[in-house]
Amino acid sequence: MHNIVESLTKLALATSISLALTACGGGGSSDSASAVIPPVVVNPVPTSTLEEQFALYLVDLTDKHIIPSYAAMQTKAQTLKDSADVFCALLSTSTTASTSTSNSPSSADLVTLQQDWQRFNGAWQQIQWLKVGAVVEDDRLLRIQLWPDKNDAVSRGVDALIAEQFVITAEYVSGENLGAQGIPALEYLLFPEASSDSLLTATDRQKRCEVSSAIAQNLLNMSTDITADWQATGGNYRAEFVAGTGDFTSVKNALEELTTNWLQHIEIVEDTKLNEVLGASSPGKARDAEHYLSDKSLASISINIYSFLSIYTNDDGLGFDSILVDFLEQQTINQEITSSLTTIVAQIEQINQNFDSYETMLADAAGREALTDLVSEMRVLIDLIDVTFTQALDLNLGFNSSDGD
């Protein structure tokens, strides 16, 4: 390409010189118009290929979204574990003291522990969509969060841990029932349906606290392992992911897997977290919600939706929007996807302004209408990504996990 451009440039220069000489000394009337020869136009050589654009996107998303999200998850897990230890220490002191219970954990102490659970869950929801790397190894995905729980695996697993006579440790928990290991298991302990099972008043509250602390440590261990796997000093999965090697056949294949994960999770939010819980009529199926006991399902859905927008725009990095507009010149497709995403964000923000309880919203006529509108717009987004977006970027998406795995 360089030789062609150089030859064309020389030809244009020679033609210009010849015309100049003819104008100065050639025979013919000075009044006769000189022939106008259009200039030689050389189209600029593209600065990169589409696959190179994909590689830049993967680098930005990994460094600005994936790794920071896992690091935040590890940090929140450490805080959760520390909070559980403090609470259990207060509980142990109060139950062993012979003359005073002034150090007993209070309702405020329990609220602090519950809030730290919520913060860890929020960090998880930010990156819940991604299903590559260490998170899918050793059943970590299900160990962190087994949901939906069709067989009451969470309650059965936790109750079995509480019934054990020996000290429950994180190592023991990690080898037990998947439902007893993660976020739902802690929710079951921190937000019990029966007040008699409260960490403040239950007759077996020390055992319950022991189990809670072990589960928190298990979550910290998994979070630490996942974060380390992406680091250069650990498994360096980052290098494999952005280069399209190892688990992937190419950079494009890595992007296809990522896009599949993204679309799958949008479908999970639309169908499992929203539509199935909405049900055909009021009051819906609140008990099937992701966080029925704590009633924090709307908060998780909100974080999921914000993450969908971040994946598309890559925040301040090279996003899919930039690739569509600046590289592929597909402004219309970008406008359609951006419009759908921003509409969904606006809808969930309005929902959060009007309702702080998913259960209450499911039984409210206006709330149900707002949820129905949100589901409808998410289906628009799903169609745009599944067809229009993937065709524009020439992507072949993989197995749809929302159909079962």
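The values are calculated or read from the model by the stated rules, or taken from the named source; none is laboratory data. Being a predicted model, the structure only gives us computed values, none of them experimental. So basically every Cβ, Gly included, is an ideal-geometry build from the backbone, and we count neighbours across all protein chains shown.
Tabulated data for the structure shown
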| read-out | value |
| --- | --- |
| Residue check, D159 acidic (D, E), in a helix (DSSP H, G or I), touching a residue at least 24 places away in the same chain (Cβ under 8 Å) and not assigned by TED's automatic domain parsing to the domain that holds I311 | no |
| Those residues of segment 339-359 which are without any contact (Cβ under 8 Å) to a residue 40 or more places away in the chain and within 17 Å of I266 (Cβ to Cβ), in sequence order | S339, T342, T343, I344, A346, Q347 |
| When residues of segment 162-181 are limited to those that are surrounded by 15 or more Cβ atoms within 10 Å (Cβ to Cβ), free of Cβ contacts under 8 Å to residues at least 40 places away in the same chain and part of a loop (DSSP other than H, G, I, E, B), the one nearest to the chain's Cα centre (by Cα) | Q181 |
| When residues of segment 340-353 are limited to those that are of a type in the set (A, V, I, L, M) and either outside the structural domain of I382 (by TED's automatic domain parsing) or surrounded by fewer than 18 Cβ atoms within 10 Å (Cβ to Cβ) (or both), the one nearest to S302 (Cα to Cα) | V345 |
| Qualifying positions in segment 243-255 - outside any loop (DSSP other than H, G, I, E, B) and surrounded by fewer than 21 Cβ atoms within 10 Å (Cβ to Cβ) | A243, K252, N253 |
| N400 vs. criteria modelled with pLDDT of 95 or more and on the phi < 0 side of the Ramachandran plot | no |
| Leading residue by the ranking (farthest from L384 (Cα to Cα)) among those in segment 241-265 that are touching a residue at least 12 places away in the same chain (Cβ under 8 Å) and β-branched (V, I, T) | V242 |
| Qualifying residue in segment 104-120 (condition: more than 16 Å from the chain's Cα centre (by Cα), surrounded by fewer than 20 Cβ atoms within 10 Å (Cβ to Cβ) and part of a loop (DSSP other than H, G, I, E, B)) | yes |
| Which listed residue is surrounded by 13 or more Cβ atoms within 10 Å (Cβ to Cβ), under 14 Å from the mean Cα position of the chain (by Cα), small (G, A, S) and not in a loop (DSSP other than H, G, I, E, B), from A123, A134 | A123 |
| Qualifying residue in segment 84-97 (condition: more than 21 Å from the chain's Cα centre (by Cα), surrounded by 16 or more Cβ atoms within 10 Å (Cβ to Cβ) and under 19 Å from E193 (Cβ atoms)) | no |
| Flag for N352 being under 20 Å from the mean Cα position of the chain (by Cα) and at negative phi | yes |
| Residues of segment 258-287 satisfying the condition of being over 21 Å from the mean Cα position of the chain (by Cα) and either over 18 Å from L146 (Cα atoms) or not in a helix (DSSP H, G or I) (or both) | L278, G279, A280, S281, S282, P283, G284, K285 |
| Selection count where residues are within 18 Å of the chain's Cα centre (by Cα) and either crowded, with 20+ Cβ neighbours inside 10 Å or part of a helix (DSSP H, G or I) (or both), scope segment 301-339 | 20 |
| Where L199 falls short, out of the listed (1) of a type outside the set (D, E, K, R); (2) farther than 17 Å from K81 by Cβ; (3) in contact with a Cys (Cβ under 7 Å, 6 or more places away or on another chain) | (2) |
